[in-house]
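Below is one structure, written out as structure tokens; comments come after it.
The values are calculated or read from the model by the stated rules, or taken from the named source; none is laboratory data. Just so you know, these numbers come straight off a predicted model, no measurement behind them. For neighbour counting, all protein chains shown are included, and Cβ atoms are generated from backbone atoms with ideal geometry for every residue, glycine included. These area figures cover heavy atoms from the full protein model, side chains too; ligands, DNA and RNA do not enter into them. Shrake-Rupley method; radii C 1.70, N 1.55, O 1.52, S 1.80 Å.
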Amino acid sequence: MSTETFGSTPKTDRGWLVTFSGMGINLALGILYTWSMFKGAIEKEFGWKGSQLNDPYALCCLVFAAAMIFAGRCQDKFGPRLTASIGGLLVGAGFLLCSTTNSYGIWLLGFGVLAGIGIGFGYSSATPPALKWFPPSKTGLIAGLVVAGFGLAPVYLAPASQYLLGHYQVKTSMLILGIAFVIIVCGLAQLLANPPTGYIAGATPAAPGAVAKPAAVHATPGQILRQPTFWLLWVIYFIGAGAGLMVIGSVSGMAKKSMGELAFVAVAVMAIGNASGRILAGTLSDKIGRRWTLCLVLAIQAGLMFIAIPVTASKEMAAVIIVLVAALIGANYGANLALFPSYTKDLWGLKSFGMNYGVLFTAWGMGGLVLPRLQQTLTAGSAGSYKSSFVTAAVLLLVGAALTFLIKPREG
């Protein structure tokens, strides 16, 4: 494990500096969640049709998840600073490549592959060092804060993208964003560091009823892959993440039916919900346990999918209702991104956290590839109606909620 540190006399505020630096990196990398803002402009300028409009986004999700395994290994071995810097450079390179062409194949390479790998490297390096500075009783809170940046990104990126696309073409917008991301991510990467060797986070008393405990094991990826609990968590993560991404990837198009050019507001408010859900779920799981929090999140999300059917079907639906539903769906989706890294630390320790979470995170990537593509197919086959997509997602979420009762606290 890397010993890249701030020095030999760590202070509490250094842990918070690392935490908020990681959040800042994720604020830039969260451009992934604004893809729905670009789809319309790409269709208009490039003439892409059908599934082509979702393919770079879906491929980016898959590559992002796959890259997390290798990026996690890099983070575990060489430290977060180098890993995040590589991520910033790759995302910038991918966006700069996209800025040169309207070729579908080159966009798959630039946005889908290069940016996907870059996001994986940046994202994987943000959470591990932050968790190492704090005691187990704050695992959920810290994980939630770091990943909240990724979910919160569309709050500023949605209007920024709207502005760029309104004043420049798609390719110029990608050029501007690519340059900005290199500067932001590589700059903040220099503030990431692990505690010194031998550092033990202060033992803060856990709140009554808390179940998060210091991990007594340091499992390797090979070991966790042989545990039934890993595969159970993988399936639940696939469902929870995929169902949320079905909506997030298309929320702009859904909102345009009644909100017109103000559809970006729904994207931004969903992002606020997304980020808030990560912090709230992480904090709640520190108090009542990961399992109960995860079960609650999945069950509520299933109910929201049913509620979303009449909301998205009506062209006269009040904008405030659309925005509220979008925010709640975003919050429950975001909760997954705080709960599963917390589970990873609880069950398998911090020594190989980067790789272990990277392996588990492949569930997010597969969910982001399969379910949004399924949503596109179901919507196309239903004359533009989202009903079948929401029903499918709701059923899967209920199955996921039921599966949480099979999760074991820890396996030897």
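Shape analysis of the range 328-380 places it in the oblate category; the axes a ≥ b ≥ c from the Cα gyration tensor give an a/c of at least 1.5, with a/b not above b/c. Here the range 42-117 was treated as a single set of alpha-carbon atoms; its pair distances binned every 10 Å from 0 give 20, 45, 24, 9, 1 percent. Normalised by 2.2 N^0.38 Å, where N counts its residues, the alpha-carbon radius of gyration of the range 1-153 equals 1.14.
Order the peptides 25-32, 131-138, 324-331 from the highest to the lowest mean number of other Cβ atoms within 10 Å of their residues.
On the way: 25-32: 26.2, 131-138: 21.8, 324-331: 24.0.
Packing order, densest peptide first, comes out as 25-32, 324-331, 131-138.
Could you work out the relative contact order of the range 83-183? I mean the mean sequence separation of Cα pairs under 8 Å and 6+ apart, divided by the number of residues, in percent.
Values: 104 pairs, mean separation 42.8, N = 101.
Rounded, it is 42 percent for the range 83-183.
Between the beta carbons of Arg226 and Ile300, assuming R0 = 35 Å, the FRET efficiency works out to 0.60 to the nearest 0.05. Every Cα-Cα pair of the range 74-149 was included, and the share exceeding 16 Å stands at 56 percent. Across the range 56-133, Cα pairs under 8 Å and at least six residues apart give a relative contact order of 49 percent.
Rg to Rh for the range 73-211: what is it, with Cα atoms only and Rh by Kirkwood?
Working: Rg = 18.1 Å, Rh = 16.7 Å.
Ratio of gyration radius to Kirkwood radius: 1.08.
Return one whole number: the accessible area per residue of the range 31-141 in Å², for a 1.4 Å probe.
Numbers: 3190 Å² over 111 residues.
Ligands and nucleic acids excluded, the result is 29 Å² per residue.
Apply the a/c threshold of 1.5 to the C-alpha gyration tensor of the range 6-87 and tell me whether it is rounded, prolate or oblate. Prolate, because a/c is 1.5 or more and a/b exceeds b/c. Peptides 72-79, 365-372 ordered by packing proxy, namely the average of other Cβ atoms within 10 Å per residue, highest first: 365-372, 72-79.
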